[in-house]
Structures are given as structure tokens and as C-alpha cells.
1. What nm value, rounded to one decimal, do you get for the distance between LEU6 and LYS35 when each label is placed 7 Å out toward the C-beta?
2. Can you work out the accessible area per residue across the chain, with the rest of the protein chains kept in place, probe 1.4 Å, in square angstrom?
3. How much of the accessible area of the chain, in percent, comes from carbon and sulfur atoms when a 1.4 Å probe is used?
4. May I ask you to list the GluC sites (Glu not before Pro) in the chain that are in a DSSP loop and have at most 13 other Cβ atoms within 10 Å of their Cβ?
5. Calculate, for ASN42 and TYR13, the FRET efficiency according to 1/(1 + (r/R0)^6) with r their C-beta to C-beta distance and R0 25 Å; round to the nearest 0.05.
6. Can you give me the P(r) profile for the chain? Cα pairs, bins 10 angstrom wide beginning at 0, each as a whole percent.
Amino acid sequence: MRVKLLGILSFNYPAFSKFRPVELNEGETIEDLRKRLAVPANKVHFVSVNGKMVGEEYNLIDGDEVIFFPAASGG
């Protein structure tokens with residue numbers, strides 16, 4: 001699978017500002033992946049897999065493209 005973190009979420013992992021390959025663990029969900037990447041749940045506004053919004057219970061499969069979106073902010 002490939003993973004990308006947008007905006008402020010990529011600050012801890014700048015390499016993930018572009019799609020990066022990540023090994024998929026058997027039975028892994030979005031929540032499992034988020035925890036493995038140490039991305040706090042309260043910093044994620046939504047997650048897209050292959051262009052569709054999904055919840056944290058989504059079961060990942062080989063070949064998925066996952067994007068974590070932060071909450072929008074500004075002034």
C-alpha cells in the first residue's frame with residue numbers, strides 16, 4: 001500500500017508529504033495504520049482510500065492508496 005499525510009500531519013514525517021510505500025500488516029485497519037504512524041486521532045479530519053472517504057474500521061488491502069487529511073485551519 002502507499003500512504004500520504006497532508007498538511008500539518010506530515011510535519012513529523014516529511015517523507016510522507018508524497019506517497020510512500022508502507023508494508024501492510026495482515027488484517028490492518030485505518031485505525032491500526034494511524035496508530036502505527038503515531039498520528040493522533042484528533043488531528044485527522046478524514047481519511048481517503050483510493051479516492052473514497054472511509055472510517056477507521058476500514059480493512060486495508062494490498063495496493064490501497066491512503067491519504068490522511070488534517071482539519072482545515074486558517075484565518
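The values are calculated or read from the model by the stated rules, or taken from the named source; none is laboratory data. Computed from a prediction, not measured in an experiment: that's the story for all the values here. Positions of Cβ are backbone-derived with ideal geometry, glycine not excepted, and every protein chain shown enters the neighbour counts. Accessible surface areas use protein heavy atoms only, side chains included; no ligands, DNA or RNA. Shrake-Rupley method; radii C 1.70, N 1.55, O 1.52, S 1.80 Å.
1. Once both label points are built, they end up 2.6 nm from each other.
2. Details: 4830 Å² over 75 residues.
Using a 1.4 Å probe on heavy atoms only, each residue of the chain averages 64 Å².
3. Values: 2550 of 4830 Å².
Answer for the chain: carbon and sulfur cover 53 percent of the accessible area.
4. Values: sites: GLU23, GLU26, GLU28, GLU31, GLU56, GLU57, GLU65; in loops: GLU23, GLU26, GLU28, GLU56, GLU57.
Filter output for the chain: GLU23, GLU26, GLU57.
5. On the way: r = 17 Å, r/R0 = 0.69.
Rounded to the nearest 0.05, the efficiency is 0.90.
6. Using 10 Å bins, I get a P(r) of 20, 60, 18, 2, 0 for the chain.
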